Amino acid sequence: MFCSTFIGYANIKKSNMDNEKERSYSVATAYAEDLKKDFAYGINVSEKIKYEIVANDGKVDDFDSYAKKLLLQYIGRIDIAPDGIVTDTYPNWTENESRSDLSTSADIGRIEEYARKKRKPVLYGPVSFAGLGKGVSVLNPVFLEDQSGEERFWGYVIVIIKTPDVYKNTLKMIRSFGYNYSLNSTINPVSDKSKRVEYYGPEKETLRDPVGCTINIGGCHWNLNIEPENGWSTDVASNYLTFGCIISLFWIIGIIMFLRLLEQKKKLRSMAYTDTLTGILNRAGFIHEMHKLIKKDPAAGLTAVMLDLDDFKLVNDIYGHAVGDMALNDMARYLLDSFPGESVIGRTGGDEFSLLIPGRSPEECESLIQDITKETRSFDANSKTKVTYTMSAGFVDYPGQAGDITSLMIKADEALYAAKMEGKHKAMHFTESMSLMKRESLGFSAKSIAAGVPGAFFIYEAYGEKKILFANDSMIKLFGCEDMNDFLDYTGGSFRGIVYKDDLDRVEKSIKEQIDSQKDDRNKGYKDDFAEYRIMRKDGKIKHVIDMGRLVRDEHHGLIFFVFIRIDERNTSGRI
């Protein structure tokens, strides 16, 4: 009896720990793939520069402009080095730096030789770089062909990836899940010695019993190990031991508990791979299923898709996060209903969803994806609020356009951002030119755009009380107000509070007549108006202004006016 209890205890303890370790391994694998993707971007940048050098027989015209297009936030510098001597760099050298021979150290000399011999880009670092701090260098050898077809070594393209910038978000996410971690690297491809690059855990200790994943990129081995901050849990096993001892005379309970454990293990595994909000696969689950699918038949074709909800932050800001969650659930259900049953579907980020479509031709997949992203979705958030949204997608074919999982996800991601750059609410099939796009181009906030508008600008509803929805700093200062709250308080939060009271009726009538006189043009999508009127500042001063407005339909607010106004310098008397 006691023997069966302790055997059950041992089995449960082992099964519980195995389950936790399996889940943790999936987490480590998912984020190691993210790390590989970020380093792969640096290699991809070096390949683009290399292509230009080869295409122009050893020259890069307007190097600064070309390199600027490729510079991501975590890429610190791009150099070209004919014969190993750095001649051009972007951003430009500072007064305290100078161009240098790459072969000044023994390590660099051996790495150069390795890269030339292998004829492929290699990584070196993290090491210290003047003016940049710690970084990982991509060293990509360039060979040119002469007229006889013989290849000759030209030099190197060097891309310096800043650390820890390149992986700080990845490591931050691992910490947020309650894990300690250790990130190690062989530093360069000519050495097997591994060094610790980043560590988070008990001081003056190492991880005791971690699980991990190793990625190989640029000739270097990067190893990510993780373990729970509080160690591997054995609560289930301990509870079973106590319970088993209490009723040890009833040995059959041990068998029942063991069977329950098997069911629990299955449920826990499902939980580890399931997004708690939408009920579909989470990032770890999607990566796991993608590995399984490709490993099962590496030659079988499939299409990878990345989608996200357009202007998701705006949905959250306008309706609240609870409604934002409803939108994500609606999108998940729509994807499940719209794609073939054998598709793998997961929520891999905040509003980002990823899909794999096996067993269909690229043409079939493209038609399906285009049809789905053309839809404008809507749902009832409550009895009074109907929310509409659209989605964008990027997709890539395997193995035709990408030969491995890392490049597959990178290219789907680049195609998604190309769709965003094209105006959203569409799907884009990956092309090589998309790798040149910088996702920072999408990183403008309403605040930064408003600050860059040259003049006073505001937005108001075209109906009802004509509520002011937005005003930039120039508009607020024009009225002598301290901030947005002060401006709304002074104007009553309405366009009618902006126009001087004696001019209001005339101005509203004029704007209405101008708008009504313009034909509805669906291709144009807007109507313009022009008005002159007076305003009264908060200090009592009256100014004469010129108003240039545009009426548009917004999916969240309905008909709204975008308006620029400027002081009319021709009229300083304040009279109309």
(message) Please report Rg (one decimal) and Dmax (integer) in Å for the Cα set of the range 107-214.
(response) 17.9, 62
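Provide the FRET efficiency to the nearest 0.05 for the residue 390-residue 431 pair, computing r from the beta carbons and using R0 = 25 Å. Don't skip to the answer; put the middle values down first.
Details: r = 22 Å, r/R0 = 0.90.
Calculated value: 0.65.
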(request) Could you work out how far apart the two model spin labels at residue 537 and residue 150 are, taking each label as a point 7 Å from the Cα in the direction of the beta carbon, and quote it in nm? (result) 7.8
(request) Compute the Rg/Rh shape ratio of the range 170-223: radius of gyration over Kirkwood radius, all on alpha-carbon atoms. (result) 0.99
(request) Roll a 1.4 Å probe over the protein chains and send me the accessible area per residue for the range 471-551 in Å². (result) 59
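Need the full-extension length gain, residue 51 to residue 132, defined as separation in residues times 0.36 nm minus the C-alpha distance. One decimal, nm. Intermediate results must be reported in sequence, preceding the final value.
Values: separation 81, 0.36 × 81 = 29.16 nm, distance 2.60 nm.
26.6 nm is the gain from fully extending residue 51 to residue 132.
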(request) List the trypsin sites (Lys or Arg not before Pro) within the range 165-209 that fall in a DSSP loop (any state other than H, G, I, E or B) and whose Cβ has at most 12 other Cβ atoms within 10 Å. (result) 193, 204, 208
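Count neighbours as other Cβ atoms within 10 Å of each site's Cβ, and list the trypsin sites (Lys or Arg not before Pro) in the range 331-409 that are DSSP loop with at most 10 such neighbours. List each step's numbers first, then the result.
Numbers: sites: 333, 347, 360, 374, 377, 384, 386; in loops: 360, 374, 384.
Filter output for the range 331-409: 384.
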(request) Calculate the spin-label point distance for residue 62 paired with residue 568, positioning each point 7 Å from the Cα along the beta-carbon direction, and give it in nanometres. (result) 4.3
(request) Find the relative contact order for the range 475-573 and round it to a whole percent, using C-alpha pairs within less than 8 Å whose residues are 6+ positions apart. (result) 20
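May I ask you to derive the FRET efficiency for residue 214 and residue 383 from their Cβ-Cβ distance with R0 = 51 Å, giving the value to the nearest 0.05? Show your work: numbers first, answer last.
Details: r = 54 Å, r/R0 = 1.06.
Using R0 = 51 Å, I get an efficiency of 0.40.
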(message) If I model a spin label as a point 7 Å beyond the Cα along the Cα-Cβ vector, how far apart are those points for residue 317 and residue 92 in nm?
(response) 3.7
(message) If you roll a 1.4 angstrom probe over the protein chains with everything in place, what fraction of the accessible area of the range 145-204 belongs to carbon and sulfur, to the nearest %?
(response) 42
(message) Taking loop as defined by DSSP and a crowding limit of 15 other beta carbons within 10 Å, which GluC sites (Glu not before Pro) in the range 319-364 fit?
(response) 342
(request) Could you work out how far the C-alpha centroid of the range 29-66 sits from that of the range 178-212, in angstrom? (result) 28
(message) Probe of 1.4 angstrom, ligands and nucleic acids ignored: what's the accessible area per residue over the range 380-437, in square angstrom?
(response) 41
(request) Starting from the Cα of residue 422, step 7 Å toward the Cβ, then list every residue of the range 351-373 with an amide N under 20 Å from that point. (result) 352-357, 361-373
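Can you tell me the FRET efficiency between residue 17 and residue 177 if r is taken as the Cβ-Cβ distance and R0 is 22 Å, rounded to the nearest 0.05?
Working: r = 18 Å, r/R0 = 0.80.
Calculated value: 0.80.
The values are calculated or read from the model by the stated rules, or taken from the named source; none is laboratory data. Owing to the predicted nature of the structure, the values given are computational and were not obtained by experimental measurement. As a convention, Cβ positions derive from the backbone with ideal geometry for all residues, glycine included, and neighbour counts pool all protein chains shown. Just the protein is used for accessible areas: all its heavy atoms, side chains included, with ligands, DNA and RNA removed. Shrake-Rupley method; radii C 1.70, N 1.55, O 1.52, S 1.80 Å.
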